[in-house]
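As structure tokens, the structure follows; a few thoughts come after it.
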Amino acid sequence: MKHLLSTADLSRADAVHVLDTAAEMAATQSREIKKLPTLRGRTVVNLFFEDSTRTRISFETAAKRLSADVINFSAKGSSVSKGESLKDTALTLQAMGADAVVCRHQASGAPHLLAHAGWLDAAVVNAGDGTHQHPTQALLDAFTLRRHLVGGAQGPTAGSGSDLAGLHVAVVGDVLHSRVARSNVSLLTTLGARVTLVAPPTLVPVGVEAWPCDVSYDFDGTLADGKPDAVMMLRVQRERMSGGGGFFPSPLEYSRAYGLDARRLATLPDHAIVMHPGPMNRGLEISADAADSPRAVIVEQVANGVAVRMAVLYLLLEGNR
Ligand code: CP
């Protein structure tokens, strides 16, 4: 595999290989081996046209821990604001010898264009494009699910620990605008989990019937009947809701029907974990009680993101050699 553009491109074996490699990367970090020489002499460019805290910092940390040189490019303050095209930006990165380009863009498909238009020789990693895909987020989510719920003493499954077979994950909230939901539905089901999307009818995408998951408009019913092993709360993306892109119930209606609060938290099975990709709207899709509870693995998801992104950069830049 030369690029990582979508979790739909990953077979079960591919995904397990990334997760296993990430586990090895995490083990080096826990042994205080902060830096590996693996990508010495390689250049990773973080090309961010849209805001990010976790993903950008995490890719930068991952690349540096593999000894790569890192160039951070933000559209704000660059010649993009003077009208420079994606093509000319890509040709500039090519001239500078980029080996990997990690791209976040507000337009769905921009990383695919970068990878396949012939402007760049670099490996392209999709760091989130529009409402389409965020594959490394789904991989770090799968990594976190596997660590907590598979094969261990506390988890509901007693398998080999290689995939997520037998798990039920509820993905709750603004599915319509969520690249995290799309990436997770594809990856988690490839890994054998059952996924239920829970959302108000106005925030469910057209064509969702064709996705390999269940859909519910009833959060309390899903918690009571589905007994999910993990609840993944999605951010309400108000910035993507202008221009008729989806009716938003009032914040009070939304949090009453679809917010994870202390009452709903108490109905989860004992082993169940609470996830959120961040950034969170505290008090809207998740209460402070839930976000800060011992069941929440939200900060751990961020830490796991470094190991997963180390694995992705390593496999794309060295794994094919
Ligand atoms: N989860 C995630 O993509 O967060 P950032 O937007 O901060 O990168």
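Each 10 Å bin from zero holds the following percent of Cα-Cα pairs in region 275-319: 26, 37, 22, 13, 2. Backbone geometry of region 168-175 corresponds, through the Karplus equation with coefficients 6.51, -1.76 and 1.60 at θ = phi - 60°, to 3J(HN,Hα) couplings of 10, 10, 9, 10, 10, x, 7, 5 Hz, x marking Gly and Pro. Bridge orientation summary for region 136-301: considering DSSP beta bridges with both residues in this region, about 0 percent are antiparallel.
For region 1-140, give the magnitude of the charge dipole about the Cα centre (Cβ charges: +1 Lys/Arg, -1 Asp/Glu; no others), in debye to the nearest 20. In total the dipole reaches around 360 debye.
Placing pseudo-labels 7 Å out from each Cα toward the beta carbon at residue 67 and residue 218 gives an inter-label distance of 5.8 nm.
Count the lysine pairs in the chain that are 8 or more places apart or on different chains: how many have C-alpha atoms under 29 angstrom apart? Value for the chain: 10. If you take the Cα centroid of region 292-321 and the Cα centroid of region 48-89, the two points sit 18 Å apart. Summing Cβ point charges (Lys, Arg +1; Asp, Glu -1) relative to the Cα centre of region 136-301 gives a dipole of roughly 280 debye.
Here the chain is scanned for GluC sites (Glu not before Pro) in DSSP loops (not H, G, I, E, B) that have at most 16 other Cβ atoms within 10 Å, and the longest stretch holding none of them is 85-317.
Taking the DSSP beta bridges with both ends in the chain, the antiparallel portion is around 5 percent.
Only Cα pairs under 8 Å and 6+ residues apart enter the sum, and on that basis the relative contact order of the chain stands at 20 percent. The trypsin sites (Lys or Arg not before Pro) of region 1-45 that DSSP puts in a loop, and whose beta carbon has at most 16 other beta carbons within 10 Å, are 2, 31, 34, 35, 40. Taking max minus min of the alpha-carbon positions on each principal axis, region 53-123 gives extents of 33, 25, 22 Å, largest first. By the count of neighbouring beta-carbon atoms within 10 Å, fewest first, 190, 38 end up ordered 38, 190. Taking other C-beta atoms within 10 Å as the exposure proxy, 51, 225 rank 225, 51 from fewest upward.
In sequence order, region 198-211 has phi-based couplings of 10, 7, x, x, 6, 10, 10, x, 4, x, 5, 4, 7, 6 Hz under the Karplus curve 6.51 cos²θ - 1.76 cosθ + 1.60, θ = phi - 60°, and Gly or Pro positions carry x. Dipole magnitude for the chain: about 720 debye, using +1 per Lys or Arg Cβ and -1 per Asp or Glu Cβ, origin at the Cα centre.
Note on region 136-301: Kirkwood radius taken over Cα pairs, Stokes-Einstein applied at 4 °C and 1.567 mPa s, translational D equal to 82 µm² s⁻¹.
For 56, 146, 240, the sequence from fewest to most other C-beta atoms within 10 Å is 240, 56, 146. Computed over the Cα atoms of the chain, the ratio of the radius of gyration to the Kirkwood radius (Rg/Rh) comes to 0.96.
Helices in the chain, meaning DSSP H runs of at least 4 residues, each add -39500 (n - 2.57). Divided by all residues, the mean residue ellipticity at 222 nm is -10500 deg cm²/dmol. Region 1-146 gives an Rg/Rh value of 0.96, both radii derived from C-alpha positions and Rh following Kirkwood.
Any read-out appearing in this document is the output of simple, stated calculations on the displayed coordinates, not a laboratory observation. Everything numeric here is computed off the predicted structure, so don't read it as measured data. Glycine gets a Cβ as well: all are built from the backbone with ideal geometry, and neighbour counts include every protein chain shown.
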